[in-house]
């Protein structure tokens, strides 16, 4: 990949008269392996290189991508990006302005110990088949599923303001799922392991033990009791459940484009638009989005607008502090840009996305949280979300729960789903544990065409109240 | 275009030659040129106009009954050599426990109305203007409309499938999808409305109609009441019915059923829905949103009944899942991207192995006129929009959707008023079993990339209000 092509593209756009232009020149390598019940369903290697050029002309955005990396191909793409921006500018009510940002010239890499391409695909496939086999801890496991993804991206970002940033990233994750059956009852249990880095994550973790634990959990749910409806129950949510909760009711509504109504036709808007500075939760509630944490799926040091990444404070001690921004939304809100823009490949225009969104730790030991709960539930591991368009009313199911009686875990529960509204839950938080865990969430969807992006989410254990829904 | 197709043919021929030299038993090249132009509207403005032109090839190879796959966007000879090696390497540990071979040549039927030169040649500037017409029409409908957001996607694709059995199937098509979401305000009252449709030719693209319909729905919801939680008779308009078709289509894919949604796995031959419901997949339908002469393995398209008067007749197959279950392909191979970080634009993808899914599914129209269904509903709801629909328990069929907008109370055959945001919580199989009326006309409806030709249906479902 000739890295100067990114500079060539932005020069061409400037020559045409673009007020601003940036280019992302990228080289992608992807692996995918899916194994179900001992059979390989997918074994894939994809390679793709190309460039995406974004132009700002008379206050309107244009974008074009191409896989034709000849100068002629790039010039043609730039011309289209310029032309569509110019055409759009006729129909823009408020011309786009960009908040100022420093232009960096730098290069950085994700730390990788075992490069994906240095291992034979065949060997990886054999391992993944073996982990799927391990999910079948007994005949009660009727379906096992392992889905592995490995991604390597070499990216050059260049802008007409002089930025030139090289980033070599590598990401790996695997989901392990087991379905168990007894009579008419079917249960399932799932776990995802992943990081930014190389294949070494599977050497660091005892994958056979993890797979076997997933199988055993799926089996154990067959003898668990079905959860019953209970309004305003005291609940302690573990890191895994919290990861999905923070994703849905802190992360998405913190995207400034949603706050501005720009996602209204798709995923929706945000209930807390215009509430910055207002108290929306208890003093125990603090949440961040932070891409600078090495090893997480949301890791990066510069976003797809070349803005230097930093920790964004979203909520502090229950007060709504700020949102995730692009340079454009930062200008609208009158704040400094905070590096929230990402696209999954050069083929897509960047959007405001989560990186690693998580709740801050507290000072409780999780054992204490349980011990000091007279009647309640320990709710574990995310399952399915269903959230309204304003991210206000939420329902999220869990893989399992335990009833707490007089500070002790008692009955094992299955088919657990919680529901509440975001402010009601936030205000109910009364205890937060001392250890944060950030988990991989590889398939966050947003945009049109849809961009499925990898992010990190998590937090400590959190205690609050919500309604437990029974099985219908 | 002619030179592009020549380039694709050349690359495909080279690939098969390289595969033969490397002593592979079989090879199949799927070459794609996919152009997408997207115009996004937000806050009553054109927010961004963006284009993609993706050209590449997906290669499957078989050696000693081991199946491999790889793809690339680089069609140079050097890259194609690498591609064959990569596909071979992915196959090395993938010995199939059943006999598998790529498709053989068959006569390819013709389908009319799936490629429109005018849509293919639509200048980007004109597409921007057309998209903006939705906003203008919405604002012109009522001074209560305060905001509009939407999208126009225009797709033009060309594909070529070549394999070592001599299959050579060319396929080209055009497609658009258009949607608008309008917001109406009157004092403290705020309401949303939406409309979306899709088609294959420029003459079907009527942005003003979409804008007006979205605005009508938004304004109609300004005076709304809170719904009382209950089990209701529910009329599902075209858009929510198209989502039901979408879910049913996923459930009859042997791949999706085996991997993710096993609800119908053991139900072939069984009654799973009301007698009123017949689901047909017809990729030969003239101008069908999913119509094409061949599937993405080069198998000729054919019409088939999936659900016949409530009885599940069969799943749909590509050659791979057909071979697993010792059945012939039904011509339902679709190349959709199947990995995060890989493009998933509307149109054609070359970077994934085929998935078996219905290609142009629809519920067979019933005997009811749309108005009659409403007139003969004593007490119930009219649901015109689904949002964030999920099958929350894919084994049991628990189904939920947020009724974000377009929800109305029906009494004695008339719409008596709009209702506030609510949630449908029921079981998909029960919803299908309870269908007692199907309208007599098909309309293209859907949202966010998924469209179907659909009637409206009446069923029963549990609905609760949400704050």
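The values are calculated or read from the model by the stated rules, or taken from the named source; none is laboratory data. This structure is a prediction, so every number in the text was calculated from the model and none was measured. Here Cβ is always computed from backbone atoms with ideal geometry, including for glycine, and neighbour counts include all displayed protein chains.
Here are the numbers for the structure shown:
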| quantity | calculated |
| --- | --- |
| Residue B:208 being within 14 Å of another protein chain (Cβ to nearest Cβ) and touching a residue at least 24 places away in the same chain (Cβ under 8 Å) | no |
| Residues of region B:31-45 that turn out to be farther than 27 Å from residue A:67 by Cα and part of a strand (DSSP E or B), as a count | 2 |
| Selected residue (only one of B:264, B:251, B:259, B:227 is over 22 Å from the mean Cα position of the chain (by Cα) and either more than 27 Å from residue B:420 (Cβ to Cβ) or touching a residue at least 12 places away in the same chain (Cβ under 8 Å) (or both)) | B:227 |
| Condition met for residue A:94 (surrounded by fewer than 20 Cβ atoms within 10 Å (Cβ to Cβ) and more than 11 Å from chain B (Cβ to nearest Cβ)) | no |
| The one condition in (1) surrounded by fewer than 17 Cβ atoms within 10 Å (Cβ to Cβ); (2) at pLDDT below 95 that residue A:232 fails to fulfil | (2) |
| Complete set of residues in region B:376-390 that are surrounded by fewer than 22 Cβ atoms within 10 Å (Cβ to Cβ) and free of Cβ contacts under 8 Å to residues at least 24 places away in the same chain | B:388, B:390 |
| Hits in region A:78-91 - residues which are over 21 Å from residue A:65 (Cβ atoms) and either more than 8 Å from every other protein chain (Cβ to nearest Cβ) or surrounded by fewer than 21 Cβ atoms within 10 Å (Cβ to Cβ) (or both) | A:90 |
| Matching option when the condition is outside any strand (DSSP E or B) and within 14 Å of chain B (Cβ to nearest Cβ), among A:155, A:177, A:133 | A:133 |
| Residue that is in contact with a helix residue (DSSP H, G or I) (Cβ under 9 Å, 6 or more places away or on another chain) and more than 13 Å from every other protein chain (Cβ to nearest Cβ), where the choices are A:291, A:253 | A:253 |
| Matching option when the condition is without any contact (Cβ under 8 Å) to a residue 40 or more places away in the chain and either in a helix (DSSP H, G or I) or farther than 30 Å from residue A:265 by Cβ (or both), among B:28, B:48, B:20, B:10 | B:10 |
| Residue within region B:418-439 that is on the phi > 0 side of the Ramachandran plot, outside any strand (DSSP E or B) and in contact with a strand residue (DSSP E or B) (Cβ under 9 Å, 6 or more places away or on another chain) present | no |
| Enumeration of residues in region B:93-132 that are at the interface with chain A (Cβ under 10 Å from one of its Cβ atoms), within 30 Å of residue A:90 (Cα to Cα) and either crowded, with 19+ Cβ neighbours inside 10 Å or touching a residue at least 24 places away in the same chain (Cβ under 8 Å) (or both) | B:124, B:127, B:128, B:131, B:132 |
